[in-house]
Each structure stands twice: as C-alpha cells, then as structure tokens.
Amino acid sequence: MAIKHKVTPVLLGDAIEGEAREVARVMAGIVRQVVRYHQPVPAPCVLLSGGETTVTVRGKGRGGRNVEFLLALAVALGGLQNGWAIACDTDGVDGMEDIAGAIITPATLQRAAHMGIRPLDQLRENDGHGFFEALGDQIITGPTLTNVNDFRGVLVLPSIANG
C-alpha cells in the first residue's frame, strides 16, 4: 500500500529488542536523518520494525512497551512536523491492559501541553496508557488471538517550505 501512494517502505527488521525508550531514541535519530539528509531514503517513507522491546518499571503508572516507545519517541522528536507513528502489540494487549497501542502525531506534545499533561513526568512514571488515554490516541482492537510480534511504523513526510 505504501508504494502505491509513493511512500518508500524501509524495513528495519522484525527482531528489534532493547529498552523501549532507547529504541525510540534510535528511531528518532533515523527520522532526523531522513528529514535533514534524505538518508537512508528521502521522505516520504515509512520506517517499519517489529520485535519486542522491554520496559524497566520505575514508576507507578499504567503502561506497556508500545506506549512507552511512543511516548519516548514523541519526546525525542520534540514536535517535529514531519513524523507520525503507530506502535501496537499484535495480540491486542500492550502491558496488562486490553489496549493494543497508540499513535503519535506532530501535535501530540502540543495537545498534551494544552491539557496540562507533562510528557516527561508521564514517561518517568511509566504511564504511557494514562498519557494516550487522556489524548484519546489509544488503539483498542480487543484480543486478536494471535501473538506474532510488536509492530511499529513511523511515517516521515517531506518538509513543507515556508512561504
């Protein structure tokens, strides 16, 4: 479908592991590389990855590895206007709740700020589910009766010239 819409798919692998926050920082770096230097491909592109990250629980929030990844990605991108992302668990359950994952947009951090939500505090508390629930950006599929992998997709669009 991406190719049909002239969006280049970049397959990063289906066995990406590590702390969700660290994987998010790496992914943000790839997004910036695409935006600034058109590498490894120019935008528009979609960065696709799978695998199961981990979360070291330090806080008392509600979360799972996919929402932790997305919240950390949103923070790392800092409102970059070129990136959108989705991350979901294929079984429909991210962490301990019947929430598959969530989405982020370039407006995610701004919307949170307007609501008085502090993303770094939410991340510190491992409260990705609370963060995305407040924004209405959770993805709820219900149980899928399959457990293949986690799925992450990051859409990077070209910069829009001002003026």
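Determine whether the range 4-26 contains at least one residue that is of a type in the set (Ser, Thr, Tyr), without any contact (Cβ under 8 Å) to a residue 40 or more places away in the chain, over 20 Å from LEU135 (Cα atoms) and in contact with a Lys or Arg (Cβ under 7 Å, 6 or more places away or on another chain).
Going residue by residue through the range 4-26, those that are of a type in the set (Ser, Thr, Tyr) are 8.
Of the ones still in play, those that are also without any contact (Cβ under 8 Å) to a residue 40 or more places away in the chain are 8.
Those still in the list that are over 20 Å from LEU135 (Cα atoms) too: 8.
Then keep just the ones that are in contact with a Lys or Arg (Cβ under 7 Å, 6 or more places away or on another chain); that gives none.
The answer is no, given that none of the residues of the range 4-26 is of a type in the set (Ser, Thr, Tyr), without any contact (Cβ under 8 Å) to a residue 40 or more places away in the chain, over 20 Å from LEU135 (Cα atoms) and in contact with a Lys or Arg (Cβ under 7 Å, 6 or more places away or on another chain).
Which pairs have Cβ atoms under 7 Å, sit 6 or more apart or on different chains, and link a residue in the range 74-97 that is within 13 Å of ILE140 (Cα to Cα) to one that is surrounded by fewer than 20 Cβ atoms within 10 Å (Cβ to Cβ) and of a type in the set (Asp, Glu)?
Within 7 Å, the pairs are GLY92/ASP98.
Of the residues ALA24, ALA15, only one is within 22 Å of ASP91 (Cβ to Cβ) and surrounded by fewer than 16 Cβ atoms within 10 Å (Cβ to Cβ); which? Lay out the reasoning, then the answer.
Values: ALA24 fails: surrounded by fewer than 16 Cβ atoms within 10 Å (Cβ to Cβ).
Exactly one residue qualifies, and that residue is ALA15.
Under 7 Å by Cβ, and 6 or more places apart or on different chains, what pairs join a residue from the range 134-161 that is of a type in the set (Asp, Glu) with one that is at pLDDT 80 or above and part of a helix (DSSP H, G or I)?
Note: pairs meeting the criteria are ASP150/ARG65; ASP150/ASN66.
Can you name every residue in the range 84-115 that is at pLDDT 95 or above and small (Gly, Ala, Ser)? Before the answer, list the steps.
Within the range 84-115, the subset at pLDDT 95 or above is 84-87, 102-115.
Residues satisfying the conditions are ALA85, ALA87, ALA102, ALA107, ALA112, ALA113.
The values are calculated or read from the model by the stated rules, or taken from the named source; none is laboratory data. Quick caveat, the model's predicted, so the values are computed rather than measured. Please note: Cβ atoms are built from the backbone with ideal geometry, for glycine as well, and neighbour counts cover all protein chains shown.
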